[in-house]
1. Is one or more of the residues making up the range 67-80 over 24 Å from PRO31 (Cβ atoms), at pLDDT 95 or above and part of a helix (DSSP H, G or I)?
2. If you check ARG60, ARG42, ARG77, which single one turns out to be among the charged types (D, E, K, R), surrounded by fewer than 14 Cβ atoms within 10 Å (Cβ to Cβ) and free of Cβ contacts under 8 Å to residues at least 60 places away in the same chain?
3. Here is a list of conditions, (1) modelled with pLDDT of 85 or more; (2) under 11 Å from the mean Cα position of the chain (by Cα), and ALA14 meets all of them except one; can you say which number that is?
Amino acid sequence: MQSSINPLQKRLNASYRISTLFLELLERQFPIDDSRPTMKLRYASDFANLLNVHVNHLNRAMKETTQKTTTQIISDRILQESKIMHLDSQKQRISITSLRSICKSVR
């Protein structure tokens, strides 16, 4: 009995699985806060080692499924997190400033 899945579909399915696992590992590192101040996995090779695949294989899978390299995806996610952290710190400063002004007006 022959498989009804052609070789291209098999490769895309494998790429999809690897991509999904990679993205899940990447997301588990965020948010960066006091309980998790640093990223343990920083490079494509770190993720590839954890997934037990060669870094070239991981890159090929990511490129097939997202049209981006592993490094681009990591960089994009770090940038996104830094924007979130920046916005959070701005909100905190605004809150503190507002609270100070309220306290001054009450005196």
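The values are calculated or read from the model by the stated rules, or taken from the named source; none is laboratory data. Predicted, not measured: the structure shown is a model, and the values here were computed from it. Cβ sites come from the backbone with ideal geometry, for glycine too, and all protein chains shown count toward neighbours.
1. No, because not a single residue in the range 67-80 is over 24 Å from PRO31 (Cβ atoms), at pLDDT 95 or above and part of a helix (DSSP H, G or I).
2. That would be ARG42, the only listed residue that is among the charged types (D, E, K, R), surrounded by fewer than 14 Cβ atoms within 10 Å (Cβ to Cβ) and free of Cβ contacts under 8 Å to residues at least 60 places away in the same chain.
3. Condition (2) is where ALA14 drops out.
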